[in-house]
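> Structure provided below as structure tokens; questions to follow.
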Amino acid sequence: MAVQDVKVISVPVSDQERAKAFYVDKLGFALSRDDDSVPGIRWVQVTPQAGGTSLTLVNWFETMPAGSLQGLVLGLTDLQHDCDELAASGVEFAQALQEQPWGAEAVIRDPDGNTIVLQQVS
């Protein structure tokens, strides 16, 4: 087997509409799919503007309670600017922006408490 890439990561949320607003409006993801064609499942998928691995905002996995995702890492190019904007818009920080030997990082929480690491590599 030779895995070529990662297509989708499931992010467990309690309210898909609220999560969609956070990931699209606050984090700048593009909405790539919002589909309820499968009974009992609404597929909400967001993708970074530059492409790459998508996130699907799920609420149907009993073994993945909302807020249980920890350590999703997003790469950014101007972390100081982005952290300032996120703070001004009321995003909760679990860890303020910190310089690291390899670059910088901050940790935020989405509305359900999922933690997201924001990184800028030097």
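> Looking at region 55-79, which of its residues are among the aromatic types (Phe, Trp, Tyr) and loosely packed, with under 12 Cβ neighbours inside 10 Å?
Listed by number, the list holds a single entry, Phe61.
> Here's something else I'd like to know. Out of Ala94, Ala104, report the one residue that is over 15 Å from the mean Cα position of the chain (by Cα), among the small types (Gly, Ala, Ser) and farther than 15 Å from Val8 by Cα.
Only one candidate qualifies: Ala104.
> Taking region 7-34 as the search range and keeping residues that are surrounded by 14 or more Cβ atoms within 10 Å (Cβ to Cβ) and in contact with a helix residue (DSSP H, G or I) (Cβ under 6 Å, 6 or more places away or on another chain), which one is nearest to Glu62 (Cα to Cα)?
The extreme case among them is Val13.
> Collect the residues in region 23-47 that are under 16 Å from Ser10 (Cβ atoms) and within 9 Å of the chain's Cα centre (by Cα), keeping them in residue-number order.
Tyr23, Phe29, Val46, listed by residue number.
> Still on this structure: Which of the residues that make up region 61-99 are of a type in the set (Val, Ile, Thr) and in contact (Cβ under 8 Å) with a residue 12 or more places away in the chain?
Val73, Thr77, Val91
> Kindly provide the set of residues from region 100-122 that are polar (S, T, N, Q) and without any contact (Cβ under 8 Å) to a residue 24 or more places away in the chain, ordered by number.
Gln100, Ser122, listed by residue number.
> Please give the number of the condition Ile41 fails out of (1) within 18 Å of Leu118 (Cα to Cα); (2) touching a Phe, Trp or Tyr at 6+ places or on another chain (Cβ under 7 Å); (3) among the aliphatic types (A, V, I, L, M); (4) surrounded by fewer than 14 Cβ atoms within 10 Å (Cβ to Cβ).
(1)
> Which of the strands (runs of 3 or more DSSP E) contained wholly in region 10-122 include at least 2 residues that are of a type in the set (Gly, Ala, Ser)?
Hits in region 10-122: 30-38, 92-100, 103-109.
> Now a separate question. Residues to consider are Arg18, Arg33; find the one that is modelled with pLDDT of 95 or more, basic (Lys, Arg) and over 27 Å from Val3 (Cα atoms).
Result of the check over Arg18, Arg33: Arg18.
> Further question on the same structure: Suppose the filter is loosely packed, with under 14 Cβ neighbours inside 10 Å, at pLDDT 95 or above, out of contact with any Lys or Arg (no Cβ under 9 Å at 6 or more places or on another chain) and acidic (Asp, Glu); does Asp82 pass it?
Considered against the rule, which asks whether it is loosely packed, with under 14 Cβ neighbours inside 10 Å, at pLDDT 95 or above, out of contact with any Lys or Arg (no Cβ under 9 Å at 6 or more places or on another chain) and acidic (Asp, Glu), Asp82 comes out as no.
The values are calculated or read from the model by the stated rules, or taken from the named source; none is laboratory data. It should be emphasised that the depicted structure is a prediction, and the values quoted were computed from it without experimental measurement. Backbone-built Cβ (ideal geometry, glycine too); neighbour counts: all protein chains shown.
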